[in-house]
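Here the structure is laid out as structure tokens; the discussion comes afterwards.
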Amino acid sequence: MSTTFLLFQLMNGITFAALLFLLASGFTLIFGLMRVVSLTHGAFYLVGGYVGLTVIRLTGNFFIGLIVAAIVIGLLGILIERGLLRFVRGETLPQVLLTIGLAFIMGDASLVIWGGDPVSIPPPEFLRGSITVGPLTYPRYRFFVVFVGVLVAAILWVLQAKTRLGAIIRAGVDDIEMVDALGINIKLVFSGVFLVGAALAGLTGVMGGPFLSLYPGADSEILLFGLVVVIIGGLGSLEGAIVGSLVVGLLDTFGKALFPELSYFTIFGPMAIMLALRPRGLFGRI
Amino acid sequence: MTSQRFKLVGLLVLLAFAIGVPQITTSFYVNLVMEIMIFGILAMSIDILAGYCGLTPLGHAGIFGIASYVVGYLITKTTVPLYFTVPLGILASTLVAALFATIAIRTSGVYFLMVTLAEGMIVWGVAYRWASVTGAENGIRGIARPEMVSQYWQYYYVVLVVFIIIAAMMYRLVNSPFGLTLKGIRESESRMRTLGYNVTLHKFIGFTATGFFAGVGGVLYAMYNGFISPSTVEFAKSAEGLLMTIVGGTGTLFGGVIGAAVIILTRNIVSLYTSRWPIIMGTIFVVTILFARKGLLGGVRSLFDRMTQTQPRKPQPKEVKPEAAETINKRTSSQ
Amino acid sequence: MMKKFWIVLVVGLVLTACAAPAATPTPTSAPPTPAAVSSSSSSAPAAATGSIKIGVMAPQTGTLAASGKDMLDGWNLYWNQKGTTIAGRKIEVFIEDDAGNPDTALSKARLLVEQRGVDMLVGNLAANTGLAVAEYAKGNGVPYFIPVIAADDLTQRSRIPNVVRLAGWTSSQTTHPLGEYAAKQGYKTVVTLAQDYAFGHENVGGFVRTFTENGGKVLAQLWNPIGTPDFSSYLAQIQNYNPDVVFVEETGADCGRFVKAWNEFGLKGKIALLGNETLVDQSLLRGMGPEAEGVLSVGKFAEGRNAPETANFVAEYDKAYKLLPSYYAVNMYAAAQLLAAAIEKSGGNVSDRAAFIKTAKSIDLSNTPLGPIKTDEYGNPILNVYLRKVEKRSDGRLWNVVVQTWPNVSQFWTYKPEDYLKNPVYSRDYQPGFTK
């Protein structure tokens, strides 16, 4: 087992972690504030990827696809939040069940619209091929994924820690009634958070498209990874999403390489242990 | 009493119909009714948790399927006689449910949902990866029924009898003092704790009992289909089981059977016109949650109550309670 | 209330016990023993003068939906071309969605046979759906034709008389020749990478058996779970072993991800790559880019094969569906061809199931898009296997062209069937020639 091999696996783990973080951050944000476990998040990811692909095919520009997908899925998120979830606000279980139903519908509808052949998104020209850094030859696009992951983490952290909106959200996580009583339009904040969370999932779909590809069932596969991330990291916590993504990304890659026989349990084993010892995850407060 | 007599007549008519099914229709519909009863057992066991304990599980297909796997493995790969395999299958489901319960009951609400979802996924993972025992994605085939019930209509009566016994057991459970305590915990956990009830133990027993019931359903299913594969224990099946419970009405017990009938019949009818079943199932989910939260049986009940009496239904359980307890005492003493 | 409930229960039990023996099985039920295959002609549902009913199952929802659509397109193309009347009888087709799920497949098979009264079942895609339906067919003797499902043992160790692969294949049928070819190319060492399930194990098993019998050495076998999001860790291991050649089996979305990663990580051109049939099947090649060009693979179908029967089929399929045909499509098309010939030969009499199965197995066609096909006594086709290379067509689309042909390949390759069947079926634990 050479150093190159280890370095290579480390990069693979970090790339996957970056992608998982993009998805899980929105998921955890929505939960933290609204107590909604949005199981539509996998479907947001898939539909976002398809929308992005369609736009990229039309315009030939990867970044336009990325932005349009984020906007479209963000709006779809608002539509769901305003149009459906609003009627079951405050009732955790009906909300989850509603999102399960929507996930079924969106998954099957995208099969009807985009067909079922696996498709992959062409990355932008300047991100194709690989870069050699020291002993390591690694695809450029994957460096880009890590870059975006870190960028989004930084933006979310600044938003949460340094802005008034962030203060409202942090307060909302701790005591929603108090925030409401202070005269803040909490409904607007809800919609805004749902928009951001959904948009992030749509964006992740386009980001993952070039190396994970899009196909029916990709929604539940990625959702499962996302769920493990937030269970390990703790629902509602940004730090939890970062740490959880790294844990899952690295466990998955190294697990496959070192214990191929157990490739499935390298993810679910630690999760089960976590559930037994600390049901609310590493950073879960609520 | 009129309402009870009404129910009794209704039950008798249903029973007569159920007995007559193989004589009046084709094997296809007999199989459908069997499927409804088997998944009805699963949906009712989910209801004991969701409707009576206030804990909504999303991994019960896993517990259901464990019994199917154990029975399937023992029948096809060993010479263990049937009167051992069936109890062993049910026991396996019960024990796994007990194990899962120790983790899951420490949580509540949406956490419980996610923990049980993860537990269901672990069962699926084991079914998928432990190839030497489970046959991986191809599953276990050739789970033969005993010779005397090999015909579909013979097996139908087996399923019917087991279904009636299990339904009666569940009915007795939820109306027993134990079941009423569960309801009390659902309403206010802290109050019950203050009153001196061991809340954790009650939840644990409740969860484990559903494992037993689901296991019976799993055994019936393994022999009904003659095979078992990971698709029986996957997430979609757990979600479908929960949907059956909700469509029928949570907290109504028998609503689960109605929910199972609605879902299974709808799936078979729509297959004539469209293959877009996931969209239809998702729509049923959304519509039920938005417009018929009480479910079909729950809706009918409250409608029935509104028509027959002016006061709300609430006080009724108090009447039932002593009677139910008394009946149980009588039965245990007469045995 | 409780007391009455128990009375009802007891009455019910008694009634039930009395009613059971009196119940008579309805005409559509069939005895459960396999022996019924020969004697079930009397209970056949269709009259000799009515239409012949064929039940077709393919996944139309779920992850396999796209390949399922290809299956139906191939099937429909044949009947659209040749019409639906054979030997004076109308062919009536009932199509059902198996969702790629064995539970659903089984209930759809029941629906088709017991409710629609079909004379035969055709189709299914995923091995587990086929195995579930085969088990059902074994119980009631209905002829069941499987053009796509490749699970070896269905026509080998656990074959069922009424389950026949028309225009189908076993998983290891195409990889036996490939292993020998690789050894004869001078490759000394191989690393295999395949999906960790029966199809993968059997594909690889065929390859390593003939590769090692011809002097090759297996350095390592890697198994990836179906739906591997990221192949990079496997590629890192392959680089570590640095073999002469890599044999890869993948299906579905894993194919595109593998081929892409193979290119991205700079292994293309460095290490020789040989793929199985599904790796670069047209169903997946459609979604791939220039990274797939030049990939060598083995298969029983090559859409770029230079022969009139293949070229015509490809052109007509392209005209009808604006796509090049995948192996799912061609297998169903060829199955329809063989089935039509069998119905013709039997004079439209399909009600004697045993006789019809015998007729179906006796059909020998030279003009299918796959090449010549006949069926062996075990119910599996003997057909051409091609070494294929991905090339760009003049219209810019990718397709597989023939590099080399092995004619008349049997599922037992050059081994004697009796000897071959003494070995267990290829599995993760039985990979002849490889010791961990």
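Worth a mention:
- Helix A:238-258 vs. chain A, principal-axis angle (Cα, 0 to 90°, nearest 10): 30 degrees
- Mean per-residue shielding of peptide A:33-40 is 2, counting Cβ atoms of other chains within 10 Å of each Cβ.
- GNM result for chain A, Cα springs below 10 Å: residue of A:80, A:184, A:121 fluctuating most strongly: A:184
- Span-like helix check, chain C: qualifying full DSSP H segments, with Cα axial length of 18 Å or more and mean Kyte-Doolittle of 1.6 or more, are C:2-22.
- Across region C:73-179, the convex hull enclosing all Cα atoms gives 128 Å³ per residue.
- Debye intensity ratio in log₁₀ form over the Cα atoms of region B:5-93, taken at each q of 0.15 Å⁻¹: -0.85
- Averaging 1/r across all pairs of distinct Cα atoms in region A:97-165 and inverting the result yields a Kirkwood radius of 16.2 Å.
- Here r is the Cβ-Cβ distance between residue C:427 and residue A:127 and R0 is 30 Å; the resulting FRET efficiency, rounded to 0.05, is 0.15.
- Taking the longest Cα principal axis of chain A as reference, the axis of helix A:164-174 is set at about 80 degrees.
- For region B:225-292, the equivalent ellipsoid derived from the alpha-carbon gyration tensor has semi-axes of 19, 17, 12 Å in decreasing order.
- Chain C: translational diffusion in µm²/s, Stokes-Einstein, Kirkwood Rh over Cα pairs, 20 °C, 1.002 mPa s: 94 µm²/s
- Virtual spin-label span in nm between residue A:7 and residue C:81, 7 Å along Cα→Cβ: 5.6 nm
- Against the rule of thumb 2.2 N^0.38 Å, how large the Cα Rg of region B:185-260 comes out: 1.39
- Between helix A:41-59 and chain A: long-axis angle, C-alpha atoms, 0 to 90°, nearest 10: 60 degrees
- Counting other Cβ atoms within 10 Å as a rough exposure proxy, the listed residues C:374, C:82, C:108, C:416 run C:416, C:82, C:374, C:108 from fewest neighbours to most.
- Note on region B:137-191: percent of Cα-Cα distances in each 10 Å bin, starting at 0 and stopping at the bin with the largest distance, equals 20, 24, 22, 19, 14, 1.
- Computed on the Cα atoms alone, the convex hull of region A:1-56 gives a volume of 115 cubic angstrom per residue.
- Chain C: most fluctuating residue of C:249, C:96, C:291 per GNM, C-alpha cutoff 10 Å: C:291
- Cα gyration tensor shape of chain B, rounded if a/c is under 1.5, else prolate or oblate by comparing a/b with b/c: rounded
- Euclidean distance of C-alpha centroids, region B:109-165 and region A:86-120, integer Å: 27 Å
- Across all directions, the shadow cast by the convex hull of region B:61-167 built on its C-alpha atoms averages 8.1 square nanometres.
- Taking only Cα atoms of region C:245-309, radius of gyration then Dmax in Å: 11.9, 40
- Within straight-line cross-link reach of residue A:187, aspartates and glutamates at Cα separation under 14 Å, skipping those fewer than 8 residues along the same chain: A:81, A:177
- Only aspartates and glutamates eight or more places from residue C:69 in sequence, or on another chain, were considered; those with a Cα closer than 17 Å are A:108, A:117, C:96, C:97, C:98, C:281, C:316, C:318.
- Each label point was placed 7 Å from the Cα along the Cα-to-Cβ direction; for residue B:11 and residue A:79 their separation is 4.9 nm.
- Rotationally averaged projected area of the protein assembly as shown (alpha carbon convex hull; nm²): 42.8 nm²
- Between residue A:185 and residue C:217, the modelled label-to-label distance comes to 7.4 nm, taking each label 7 Å out from Cα in the direction of the beta carbon.
- Candidates A:251, A:238, A:227, ranked by Gaussian network fluctuation over chain A, Cα under 10 Å, top entry: A:251
- In whole angstrom, chain A maps to an equivalent ellipsoid with semi-axes of 30, 23, 18, each derived as √(5λ) from the alpha carbon gyration tensor and ordered largest first.
- The Rg/Rh ratio of region B:76-128, with both radii computed over alpha carbons and Rh defined as the Kirkwood radius, is 1.13.
- Using the empirical formula 2.2 N^0.38 Å as the baseline, the Cα radius of gyration of region B:114-162 reaches a ratio of 1.65.
- Residue pairs exceeding 20 angstrom between C-alpha atoms, taken from C:138/C:358; C:270/C:300; C:300/C:389; A:256/B:77; C:90/C:345; C:260/C:392: C:270/C:300; A:256/B:77.
- The mean number of Cβ atoms from other chains found within 10 Å of a Cβ in peptide A:117-124 is 6, as a whole number.
- At 1.002 mPa s and 20 °C, Stokes D of region C:58-133 from Kirkwood alpha-carbon radius, µm² per second: 164 µm²/s
- Based on C-alpha pairs under 8 angstrom that are at least 6 apart in sequence, chain A has a relative contact order of 36 percent.
- Averaging the sequence gap over all C-alpha pairs within less than 8 Å and six or more residues apart, then dividing by the number of residues, gives region C:308-436 a relative contact order of 15 percent.
- Here region A:129-188 is described by how far its Cα atoms reach on the three principal axes: 58, 18, 15 Å, from widest to narrowest.
- For chain B, relative contact order (Cα pairs under 8 Å, six or more residues apart, normalised by length) works out to 29 percent.
- Percentage of interatomic Cα-Cα distances in region C:274-376 larger than 17 Å: 58 percent
- Cα-Cα pairs of region A:1-150 separated by more than 28 Å (percent): 33 percent
Laboratory data are not the source of any read-out in this text; all were calculated from the coordinates shown. Nothing here was measured: the structure is a model prediction, and the numbers come from that model. Please note: Cβ atoms are built from the backbone with ideal geometry, for glycine as well, and neighbour counts cover all protein chains shown.
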